[in-house]
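Trainee: Sharing a structure here in structure tokens format.
Computed from the coordinates by the stated procedures, all read-outs in this text should not be read as laboratory data. Only a predicted model underlies this, so the values are computations on that prediction, with no experimental measurement involved. Here the Cβ is made from the backbone with ideal geometry for all residues, glycine too, and neighbour counts use every protein chain on show.
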Amino acid sequence: MKKSHIVIVYNMYYLINIGGEMILNKKQACQEALVHRILSLDIDPGSTLDETLLSVEYGLSRTPLREVFQKLAGDGYLMLNENRGTKVSSMDLASMRDFFQSAPMIYAAVARLAAENGTNEQLDDLKNTQTFFRRAGEASETQDMAMHNHRFHKIIGEMAGNPYLSPSLNRLLIDHTRMSQMFYKPINSKERLLVWEACDQHDGMIDAIEKRDCGAVVNLTIEHWELSRDRIEKFVRPDPLDVDIGMQQLGE
């Protein structure tokens, strides 16, 4: 495991005060680190987790580690198989079809409810997250942009406050964030402009939510989805290899 995962989690999360001494909550730190590694594709979709190795890496015995696995499985990050171990949720053809079919509907419904139900405190949290998102873009920190984007849309889900839509949104965001690693790695000036357009759309969504303008936030959300969809599709449908190169190799 990369040392940076431990540093990030230890410095930002889960130090608890016990008798005046700051103690690391290892179980919570492990959970957050695994979430980060799954979303950032540090652990590949469909990979089997090595329980023994993770126990050593995070300083946990098997019982609390399995409790972490159960929590992450309930949130959609992992799949528990009694006889085949624990695997990271895959992104197979069937799940990708469901993703692209349901994403605009779920995002639009959640955005509308966020405009209706969001609190000022949640709105401030959304604005702060957008600030971090933009700063990450200015620093060309692509992985950080994807993670802040994840948090941005998760907050909108919290603002919606709908117990039926929230699980669907959270599961959607797992795959969206994994695939959006491609979107936040632009390879030319045109694609870089798309990233900044997406950033500006975030600002527009915040403004619409603050004004309780349900129609505007739904329209912006759909535009936001359409903007990123083509680039996200490249994750599962990359450009084909050059046929001429393949033929040259065959002739050698």
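Trainee: How large is ³J(HN,Hα) for each residue in region 26-31, as worked out from phi by the Karplus curve 6.51 cos²θ - 1.76 cosθ + 1.60 (θ = phi - 60°), to whole Hz, x for Gly and Pro?
Mentor: In residue order, the calculated couplings are 4, 5, 5, 5, 4, 4 Hz.
Trainee: Another question, if that's okay. Two decimals, Cα atoms only, Kirkwood Rh: what is Rg/Rh over region 41-181?
Mentor: In region 41-181, Rg relative to Rh is 1.01.
Trainee: Then there is this: For SER40, what residues show an amide H to amide H distance below 5 Å, using hydrogens built from the backbone and excluding near sequence neighbours?
Mentor: Answer set, sorted by chain and number: none.
Trainee: Between beta-carbons, use under 14 Å as the cut-off and find the net charge around VAL110, counting Lys and Arg +1, Asp and Glu -1. Working shown, then result.
Mentor: On the way: positive: ARG112, LYS154, ARG171; negative: GLU116, GLU158.
Computed value for this residue: +1.
Trainee: I need the phi-derived Karplus couplings for region 219-229: 6.51 cos²θ - 1.76 cosθ + 1.60, θ = phi - 60°, integer Hz, Gly and Pro marked x.
Mentor: 4, 5, 5, 5, 4, 5, 5, 4, 4, 8, 4
Trainee: How large is the Rg to Rh ratio of region 142-238 when both quantities use alpha carbon positions and Rh follows Kirkwood?
Mentor: 0.97
Trainee: So, one more: As a quick test, which of the pairs LYS27/LYS71; LYS185/LYS211; LYS127/LYS211 have an alpha carbon distance above 22 angstrom in this structure?
Mentor: Values: LYS27/LYS71 11 Å; LYS185/LYS211 33 Å; LYS127/LYS211 14 Å.
Table pairs above 22 Å Cα-Cα are LYS185/LYS211.
Trainee: Among 50-63, 146-159, what's the highest-first ranking by average C-beta atoms within 10 angstrom per residue?
Mentor: 146-159, 50-63
Trainee: Any chance you could get the radius of gyration and Dmax over the Cα atoms of region 102-186, in Å?
Mentor: For region 102-186, the Cα-based Rg and Dmax read 12.9, 37 Å.
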